[in-house]
Amino acid sequence: VPDDEVAAAFFDRFLLRIPVSPVSGEGFRALLALPPLDSGGTIFDGALDAAERDALARCAAAVALPAEVAERMVELRTWLVARDIAVSDRRWVKVAGLLRTAAASEARDAISPWDLMLLPGCLGRDEAEQQAVRDWLTTRLGVREACAPPRLERVVAAFEAQLLAERNADDLDYDDDGRLRLGDAGIAREVNDMKGGSQALRMTYTRKRRYGDTHVGARTGQLDDLLERIAGYREELATVAREFAGYRATSLWLDLPLADAIDANLAAIGTALDTFAARARSCRAGFEALPRLPDDPGIRPEPVAWEPLRQ
């Protein structure tokens with residue numbers, strides 16, 4: 001990678017960058033034994049001729065850039081800027097042209113989000129930067145932020161924490177005459193006074209808090225909404241996986257290792273969604289099992305605070 005401004009500007013004119021490592025020790029002898037290249041020969045017999053290239057360019061000019069793809073590119077550009085990976089505006093324009101060409105070569109009239117798999121070799125200056133872009137694409141292509149596992153983990157964890165708090169909550173225990181009721185705690189709590197205090201009878205003035213049907217219904221209602229969202233994300237993910245399988249089967253430009261990584265990520269997200277759904281159902285059962293008041297006071301609790309999930 002050039003380290004001076006003039007050479008860097010020249011380097012920026014090359015759209016595709018393919019890092020090439022030195023030949024290994026085992027392969028060096030084979031390198032020396034290669035026959036000399038015929039400089040006048042054709043490297044690839046299937047290369048497009050001038051007329052075919054002109055026709056492809058005309059088709060590419062008519063290819064649309066959908067808002068979904070543009071938004072993902074904006075998101076990636078912001079991510080690159082935050083990591084000091086410089087990509088010139090000229091390069092972004094060339095990238096858009098390459099994406100249109102890829103779509104046109106496959107007889108498509110619009111760029112697909114999956115075409116962004118071409119970007120690592122366009123945006124990264126070296127292997128490390130290209131790998132960083134691959135990693136970003138692996139986790140973001142086909143996955144909306146709303147259904148990303150880190151966000152859903154925080155949402156489900158908020159309900160689990162609320163259930164734990166309500167299970168462990170105590171109230172003062174009054175009898176029918178309004179006096180505190182003394183009861184055997186049933187637990188010999190350790191008192192480290194070296195005098196056998198741990199064996200003394202312990203009395204309690206509290207009992208486990210009880211809840212009305214309105215309270216429990218509010219909690220389970222929130223969880224029903226969450227479970228419905230997760231089920232929707234699961235269906236959406238299945239659709240994305242089918243679309244990607246179709247893209248893989250027909251793409252002329254496929255980066256196979258990156259495609260395999262994306263497939264693995266989609267499968268992992270599906271497993272995570274199933275786990276979140278199971279945890280949410282367990283939470284719902286936990287709220288249903290909370291101790292109940294004999295008479296419902298009709299008090300709705302404040303909703304569990306969790307970041308909203310966009311549709």
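Here are a few things to note about the model shown:
- Arg300 sits among other residues whose Cβ lies under 13 Å from its own Cβ, and their net charge, with Lys and Arg +1 and Asp and Glu -1, is -2.
- Calculated from backbone phi, Karplus (6.51, -1.76, 1.60) coupling profile of the stretch 255-262 in Hz, x at Gly/Pro: 8, 4, x, 5, 4, 5, 5, 5
- Between Ala110 and Ala64, the built amide H atoms are under 5 Å apart, and every one of these is 5 or more places off in sequence or on another chain.
Coordinate-derived values only; no laboratory data. Worth saying up front: this structure is predicted, and the values here are computed from it rather than measured. Methodologically, a virtual Cβ is constructed for each residue, glycine included, from the backbone with ideal geometry; neighbour enumeration extends over all protein chains shown.
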